[in-house]
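Q: One structure is given below, represented as structure tokens, and several questions about it will come after.
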Number of protein chains: 2
Amino acid sequence: MKPLALSTVYQLLEPGPVVLLTTAHRGRANVMTMSWHMMVDFVPPLIACVVSNGDFSHTALKATRECTIAIPPADLAATVVEVGNCSGRDVEKFEVFDLTPVPASLIGAPLIRECFANLECKVVDTRLVRQYNIFVLEVLKAWIVPAKRRSKTLHHAGFGRFVVDGDLIKLRSRMK
Amino acid sequence: MKPLALSTVYQLLEPGPVVLLTTAHRGRANVMTMSWHMMVDFVPPLIACVVSNGDFSHTALKATRECTIAIPPADLAATVVEVGNCSGRDVEKFEVFDLTPVPASLIGAPLIRECFANLECKVVDTRLVRQYNIFVLEVLKAWIVPAKRRSKTLHHAGFGRFVVDGDLIKLRSRMK
């Protein structure tokens with residue numbers, strides 16, 4: 001994994017891929033599947049996401065205020081579903097699902113080797129957590145696997161139906 | 001357009017498509033292109049989105065607390081870019097870009113006939129507007145064009161590069 005310029009992070013998340021979110025709390029790493037996230041600002045990259053208070057990760061995220069957002073390539077779909085179908089309360093997910101935790105540089109939550117992009121994040125706003133489970137994150141450090149940067153990603157459409165990235169089209173635009 | 005069950009709205013937005021956001025303020029309808037949005041809850045459907053205070057729509061959204069989120073099919077890509085490349089301050093976008101405004105049922109902001117899904121929304125939370133331009137919306141009414149429900153959508157990856165929906169895969173999942 002190589003460092004990725006923070007100014008390009010939005011290009012990875014704006015298309016709306018399913019991501020994995022890792023936390024580490026009380027000596028245990030955990031990972032969950034997440035689709036409810038959006039970019040909030042370009043630089044520093046800010047991300048909002050919903051981590052339900054029913055999720056085991058919610059407690060860890062509130063307590064540690066750190067997480068990694070990892071983007072899995074489409075061929076990791078089966079693992080993405082398995083991770084989403086169980087809770088870290090009951091399962092050591094990294095072990096059971098053969099995901100490789102890699103120490104992050106600035107936070108305690110691990111990166112995931114099998115993901116082509118990893119974003120080390122800290123929580124910067126919790127005002128909407130109580131009512132909506134919305135966390136605002138700042139990306140402190142971003143990592144990419146250059147050879148896999150163009151990996152196709154997954155987009156969840158409900159109940160295990162995923163749209164996989166198709167054609168890329170390029171239009172003349174002044175939009176960043 | 002036919003009514004769509006509110007409980008299924010998340011299946012349209014969770015995959016992360018580019019959308020169009022319409023407003024109506026002081027007798028003028030306007031439309032902008034938006035990719036920074038996410039689901040926040042299933043029923044009633046709550047959506048968070050970022051509408052920059054540099055956008056003409058920001059003022060209308062704050063003043064009227066209403067908008068429509070319309071999902072364009074991929075073949076509307078050229079229009080999506082044109083809409084995003086100019087401001088309602090200068091351009092009557094519905095006219096100039098041949099979009100057909102359709103009166104909504106519960107709000108003042110129009111639906112867009114050329115989009116296969118339209119969501120009538122009201123603003124329910126503005127606590128994060130000042131700092132992040134994040135609005136929380138509730139979907140009051142949803143519309144679908146049944147024959148076009150499976151339209152491929154666009155996902156913006158920066159600077160006019162769009163990923164178009166590709167294959168659909170279905171995995172056994174307990175995730176909603």
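The values are calculated or read from the model by the stated rules, or taken from the named source; none is laboratory data. In this text, all values refer to a predicted model and were calculated from it rather than measured experimentally. Cβ atoms come from the backbone with ideal geometry, glycine included; neighbour counts cover every protein chain shown. Note: accessible area is taken over every heavy atom of the protein model, side chains too, but ligands, DNA and RNA are not part of it. Shrake-Rupley method; radii C 1.70, N 1.55, O 1.52, S 1.80 Å.
Q: Looking only at region A:1-45, count every residue that is under 17 Å from A:LEU76 (Cβ atoms) and among the small types (Gly, Ala, Ser) and tell me the total.
A: Here the count works out to 2.
Q: If the Cβ limit is 8 Å and pairs must be 6+ apart or interchain, which residue in region B:71-97 that is within 17 Å of B:GLY27 (Cα to Cα) and facing chain A (nearest Cβ under 10 Å) pairs with which residue that is buried (at least 19 other Cβ atoms within 10 Å of the Cβ) and not polar (S, T, N, Q)?
A: Matching pairs, first to second residue: none at all.
Q: Sort out for me the helices (runs of 4 or more DSSP H) sitting completely within region A:70-162 that have 1 or more residues that are buried (at least 19 other Cβ atoms within 10 Å of the Cβ) and under 16 Å from the mean Cα position of the chain (by Cα).
A: Numbers: elements: A:77-84, A:93-96, A:129-132.
Helices (runs of 4 or more DSSP H) meeting the threshold: A:77-84, A:93-96.
Q: Still on this structure, please answer the following. Is it the case that region A:165-172 has a residue that's more than 9 Å from chain B (Cβ to nearest Cβ) and either among the aromatic types (Phe, Trp, Tyr) or open to solvent by 10 Å² or more (accessible area, probe 1.4 Å) (or both)?
A: Initial filter on region A:165-172 (more than 9 Å from chain B (Cβ to nearest Cβ)): none.
No, region A:165-172 contains no residue that is more than 9 Å from chain B (Cβ to nearest Cβ) and either among the aromatic types (Phe, Trp, Tyr) or open to solvent by 10 Å² or more (accessible area, probe 1.4 Å) (or both).
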